Every structure is written in C-alpha cells, then in structure tokens.
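Here the structure comes first, spelled out in structure tokens, and everything after it is commentary.
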Amino acid sequence: MSETGKNGLTYSDAGVDIDAGNLLVEKIKPAVRSTRRPGADGEIGGFGGLFDLKAAGFTDPILVAANDGVGTKLKIAIDAGKHDTVGIDLVAMCVNDLVVQGAEPLLFLDYFATGKLDPDQGAAIVGGIADGCRQAGCALIGGETAEMPGMYAGGDYDLAGFAVGAAERGKLLPSGDVAEGDVILGLASSGVHSNGYSLVRKIVGISGLAWDAPAPFADGKTLGEALLEPTRIYVKPLLSAIRKTGAIKALAHITGGGFPENIPRVLPKHLAAEIDLSAFAVPAVFSWLAETGGVEAKEMLRTFNCGIGMIAVVSAGDAETVRAALAAEGEQVVTLGRMVARAEGAAGTVYTGTLAL
C-alpha cells in the first residue's frame, strides 16, 4: 500500500530556507553599496567579486592577503543579543594585519555560517562588516552565507573574513633598516579588541554577572555592551602617517599573544623591543579582568593588548614627526620603548617598569 506525500521532502524540510537567504541578500545590498571605492563598483550576487587595480591607482603593486575571525567574542554577541558590531571586529582583525605590511586594504569577503538563518540578524552582522569596510576604505565585494542545521546550535553562528590589499613594489614594511636606539610608539586600543575572549568569558562566569548587568568598569554600559566594544581600525591614520612622513620602519598589530608574541615578528633577530610598562595607562576593563580572575601581569601581557593595539618603530629623530602625524588623525600615541641589542636565543621583548593593573 503506497503512502502519498511521504516522498515530497524539500530543502526547507531539511532546515535550509533558500527564501531567507535571498531576503538577506536584498537586505544587505545598500550596506554593500556603501563600501564602493575606486576599483570596485559591482553589485553582489555574481559568482565572484571583481577589482580593478589600475582604477585604484596602482602601477606596480604587490598584493597582500590576510584572513581571520572574531573568535569567542561571538558568543558574547549571541548571548547578549547584540550583533551590529562584531562585523567591525571581523574587518579590523584582517585589515590591521594588512596595513602593518604597508598595504592599503582594497577588498573584503566574508563567510557567515549559522544553524538557522535569521535575515534580520544576518543584516545586522553584515551592516557591521560594511561599517568596518568604510572605516578601512576597502570594498565589500562578496561573501558567503551558509545555513547548516546540525552543525551549529540554535542561534549560534561563526564569521570569517578575507581581505586583500596592495602596496607599490619596494614600499612594503618592515623596511629592513630597524636599528638599535629606534623608538617604539604605541597606539591606544579601544579595549579588549578580539583576543582572549575565552578567558574573558571564564572571568565573567567567576564574577557571576549577567550580560545585561551594569559594567563595573564602564559607566552607562551593560557588561555585554562594554565587552563588545569593537576593535579599533588603524588603517587610515597609519596609511596617512606612512605617506606623509615616510619614516615608519615597522608596524606590529598587537593581537593574541600580546607584546611578546607580536612585536618580535617584525624585528631582526639581533634586536629586542624594550617596553616600558609604566608608559601607558591600562584601560579599566583590563584591571577588572585581572582582579576578578586573579590573572598575573605576565599572563595579561601574553593574552591581551592591555591598552596598546598597534606599535610603530621609527628612528629617534623622526619620533615626534610621526607622533604628530598620528595624533592629527585622532590616534592616542605614547612613547612605549626602544630597540636594544638582543643576544642569541634571548627574548624579543623585554620589560622595564610595572603594568598599572
């Protein structure tokens, strides 16, 4: 005896809503258009995004590519129900890695994966991505939305970003002439940025505070809002300072691993960065995390940026010029330390002073 209707399964029955995906594409088109720049003016919806390097003003460019995610900061966004800023973080983590190599970010692609597609949530996320792209001056030329029931729990999602930039041949950083006695300038971070959030979430658990509780370290904000403060995008100030002064020798983006892991990546093996930990004010969020979690200063320094999101290496004679150029672009700049000789096998970052936790 046959059973009618039993073989009439649809993709929607399996948990994937094609109509929701199409609705999301329509919702995000205005945000995507807002990121257009010379070299990119196409519509999303094709099989790939196009970019015209010549129209962007390059003559003999080297392409530089970077990709990253937002990590478990996304869990705070999901638990706090605030999705409009994590896209900025996604862009920041990619484009800040391009500019430290002297490259101008040109284009961005995103990957958004979720268990159940909510077009409004997706539009908020992509709106944040577009915001980050505008801040960085790069075009959002495409992306992928993947609805994958069974891969992600209800409400969960993940983000990955892919950025491509360019620099004229011979203009890449580090410049190769970093020398003993060079000055290290530090640029203030906007907070925790996008690293160490597994530890942040553990400390919040210890505190017993809910995401909608008042933040103990930020007046007028909930804990969730304060910890979702977006990563600072340093692209436009740094590109301006590079082009105006021609004096920046090296840049390092202070992400996971803090000073000890990130600064040595741009240094020659015979030099170390001597950092004065008393040279900068530590934002209140880090003091709260350290105190609430009982986290030692050394662990803070290798997990978080502790208030410095980017460093620049310049000769002592150029330090004031570069500082002024960055300050004119709105950056808070401190003299963080200097380059010193490094013995073979020694650490690439050494400290003086005490972290003001």
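The values are calculated or read from the model by the stated rules, or taken from the named source; none is laboratory data. Predicted model, so just to flag it, every value in this text is computed and none were measured. Reconstructed Cβ throughout: ideal geometry from the backbone, glycine too, with neighbour counts over all protein chains shown. Keep in mind that these areas ignore ligands, DNA and RNA; they rest on the heavy atoms of the full protein, side chains included. Shrake-Rupley method; radii C 1.70, N 1.55, O 1.52, S 1.80 Å.
List of remarks:
- Of the chymotrypsin sites (Phe, Trp or Tyr not before Pro) found in segment 41-138, the ones in coil according to DSSP and having at most 11 other Cβ atoms within 10 Å of their Cβ are PHE47.
- Debye intensity ratio I(q)/I(0), log10, segment 127-281, q values 0.09, 0.15, 0.16, 0.18 Å⁻¹ (C-alpha model): -0.44, -1.12, -1.22, -1.36
- Segment 208-294 - accessible surface per residue (Å², probe 1.4 Å): 41 Å²
- Two-site FRET efficiency, ASP79 against PHE47, from Cβ-Cβ distance with R₀ of 35 Å, rounded to 0.05: 0.45
- Partners for LYS116 among aspartates and glutamates (Cα-Cα distance below 15 Å; same-chain residues under 8 apart left out): ASP13, ASP17, ASP19, GLU144, GLU147, ASP156, ASP158
- Counting only Cβ charges, +1 for Lys and Arg and -1 for Asp and Glu, the dipole size of the chain around its Cα centre is about 700 debye.
- Note on segment 1-65 and segment 129-179: Cα centroid distance 16 Å, given to the nearest whole angstrom.
- Contact order relative to length of the chain, as percent, for alpha carbon pairs under 8 angstrom and 6 or more apart: 21 percent
- Filtered trypsin sites (Lys or Arg not before Pro), segment 184-287: DSSP coil and at most 14 other beta carbons within 10 Å: LYS221, LYS269
- Taking amide H as placed 1.01 Å from N in the peptide plane, THR222 has its amide H under 5 Å from the amide H of ALA215, each at least 5 places away in sequence or on another chain.
- Efficiency of FRET from Cβ geometry, LYS236 and TYR11, R₀ 25 Å, rounded to 0.05: 0.05
- The H on the amide N of GLY307, modeled in the peptide plane, is under 5 Å from the matching H of SER189, each at least 5 residues off or on a different chain.
- Dipole check for segment 105-152: with +1 at the C-beta of Lys and Arg, -1 at the C-beta of Asp and Glu, and the Cα centre as origin, the magnitude is about 100 Debye.
- Scalar couplings 3J(HN,Hα) for segment 157-166, obtained by applying the Karplus form with A = 6.51, B = -1.76, C = 1.60 to θ = phi - 60°, are 8, 9, 10, 9, x, 9, 10, 10, x, 8 Hz; x denotes Gly and Pro.
- Amide N proximity, segment 137-180 versus THR59 label position 7 Å along Cα-to-Cβ, cut-off under 20 Å: 166-173
- Amide H contacts of LEU106: VAL164, GLY165, ALA166, each under 5 Å away and 5 or more positions distant or on a separate chain (H built 1.01 Å from N in the peptide plane; Pro and chain starts excluded).
- Simple label model, 7 Å out from Cα along Cβ direction - LEU172 to MET148, nm: 3.2 nm
- Sum of -39500 (n - 2.57) over DSSP H runs of 4+, divided by residues of the chain (222 nm, nearest 500): -9500 deg cm²/dmol
- Average accessible surface for segment 42-182: 41 Å² per residue, computed with a 1.4 Å probe over protein heavy atoms with every protein chain in place.
- Computed from backbone phi with θ = phi - 60° and the Karplus coefficients 6.51, -1.76 and 1.60, the 3J(HN,Hα) list for segment 350-356 is 10, 10, 10, x, 10, 5, 7 Hz; x is used for glycine and proline.
- For segment 305-357, the solvent-accessible area with a 1.4 angstrom probe is 44 square angstrom per residue.
- Label-to-label distance, ARG33 versus GLU291, with points set 7 angstrom from Cα along the beta-carbon direction: 5.0 nm.
- Nearest-20 debye value, segment 34-157 charge dipole, Cβ charges on Lys, Arg, Asp, Glu: 120 debye
- Calculated from backbone phi, Karplus (6.51, -1.76, 1.60) coupling profile of segment 79-86 in Hz, x at Gly/Pro: 5, 8, x, 10, 10, 8, 10, 5
- Length-normalised contact order for segment 239-357 - Cα pairs under 8 Å, 6+ apart - percent: 47 percent
- Share of carbon and sulfur in the accessible heavy-atom surface of the chain [1.4 Å probe, %]: 51 percent
- Gain on full extension, evaluated as 0.36 nm per residue between ALA327 and ILE206 minus their Cα-Cα distance, stands at 39.7 nm.
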